[in-house]
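A.B. asks: Supplied in structure tokens, the structure appears directly below.
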Amino acid sequence: MGRVFDDLEIGEIAVQLDDQEPQDVIAWALEELGDRIAVVTALQIDGMVVLDMAAKLRPDVRVITVDTGRLPQETYAFIDEVRERYPQTRWEILFPDATEVSEMVSAQGMDLFRRSVSQRMFCCQVRKVRPLVKKLRDLDGWFTGLRRDQWASRAAIKKVELDHDHGGIVKVNALADWTNDEVWEYARSNDVPIHPLYEQGYTSIGCAPCTRPIQPGEDDRAGRWWWEQGAPKECGIHCPIETGTFEHEAKELI
Ligand code: SF4
């Protein structure tokens, strides 16, 4: 265990960092948490910008991603491309528990996520959230690509905050006040690797069966779980309702 912060302390730091550039926020976190913080990314554009900034400050920064077993082939190829681009970064590719996946799909089918919102969230829990939550227990902090204008549930995020859903570690949302245009401008001007599915009209990229390109005028996350009505466009890792109440409900589904 490294540096531990309390709510008051991290609140004061968040105020100090709120008008700072993302690189300053990332530099602060790397200085404070060193090897105990990692970039956690699904390889979307926001996460890639954070990775680029962090790798410029610390070339051997840790990078964590989850292979849910249902990712598009383009994502697998892209992971290798990114690793070549940042050769010193240290990657950890997480997998879901094989027994949990086996029990889930044996009982409910390979594509259970089409049947109900709770089954979709259960699939996200088993394939993505649980492996990541387990890994977060070994960290003192994580870098995310979250931004306030991505989705209503993200509107109040701070650039640094204590993540009480995951053991009170430091969650660093360095791009919190950036717009989508600012992210893309940085990516293009810094030659950041860009996931190839963006060229095909995707604006948010996740598992292959649960992600599609958006239609003109739709919200950026409309291509995720598009068949659901009124459900949060979240997998559960950033959403306390799903990691708490839902997990209990989901266990009943096995
Ligand atoms: Fe399962 Fe779809 Fe969630 Fe991937 S995005 S974990 S396939 S429900």
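Computed from the coordinates by the stated procedures, all read-outs in this text should not be read as laboratory data. Predicted, not measured: the structure shown is a model, and the values here were computed from it. For neighbour counting, all protein chains shown are included, and Cβ atoms are generated from backbone atoms with ideal geometry for every residue, glycine included.
A.B. asks: In whole Å, how far is the Cα centre of the range 92-154 from that of the range 27-83?
C.D. replies: 17
A.B. asks: Now a separate question. Want the number for ASP7 to ARG83: 0.36 nm per residue separation, take away the alpha-carbon distance, what's left?
C.D. replies: Extra length available between ASP7 and ARG83 comes to 23.8 nm.
A.B. asks: Work out how much length LEU94 to LYS134 would gain on full extension: take 0.36 nm times their residue separation and subtract the Cα-Cα distance, in nm to one decimal.
C.D. replies: So the extension gain works out to 13.4 nm.
A.B. asks: Taking DSSP loops as anything outside H, G, I, E and B, show the longest stretch in the chain free of trypsin sites (Lys or Arg not before Pro) there with at most 15 other beta carbons within 10 Å.
C.D. replies: Of all site-free stretches, the longest is 138-254.
A.B. asks: Give me the distance in nm between label points sitting 7 Å out from Cα along the Cα-to-Cβ direction at TRP226 and VAL117, one decimal.
C.D. replies: 2.0
A.B. asks: Now for a separate question. Report the antiparallel proportion of the DSSP beta bridges in the chain as a percent, rounded to a multiple of 5.
C.D. replies: Of those bridges, close to 25 percent are antiparallel.
A.B. asks: Continuing with the same structure: For the range 7-251, build the convex hull from the C-alpha positions and give me its volume per residue in Å³.
C.D. replies: So the per-residue hull volume is 124 Å³.
A.B. asks: Follow-up question, since we're still on this one. Mind putting a number on the dipole of the range 25-181 about its Cα centre? Charges go on the C-beta only, +1 for Lys and Arg and -1 for Asp and Glu, and I need it in Debye to the nearest 20.
C.D. replies: 360
A.B. asks: If the viscosity is 1.002 mPa s and the temperature 20 °C, what translational diffusion coefficient in µm²/s does Stokes-Einstein give for the range 1-53 when Rh comes from Kirkwood over Cα pairs?
C.D. replies: In µm²/s, the coefficient is 174.
A.B. asks: By how many nm would the segment from GLU103 to ALA155 grow when fully extended, if each residue of separation counts as 0.36 nm and the alpha-carbon distance is taken off?
C.D. replies: 15.1 nm
A.B. asks: Next question, about the same structure. Tell me, what is the percent relative contact order of the range 7-251, built from C-alpha pairs under 8 Å that lie six or more residues apart?
C.D. replies: In percent, rounded to a whole number, it is 23.
A.B. asks: Okay, helix-only estimate at 222 nm for the chain: each DSSP H run of n ≥ 4 adds -39500 (n - 2.57), divide by all residues, round to 500 deg cm²/dmol; what do you get?
C.D. replies: -10500 deg cm²/dmol
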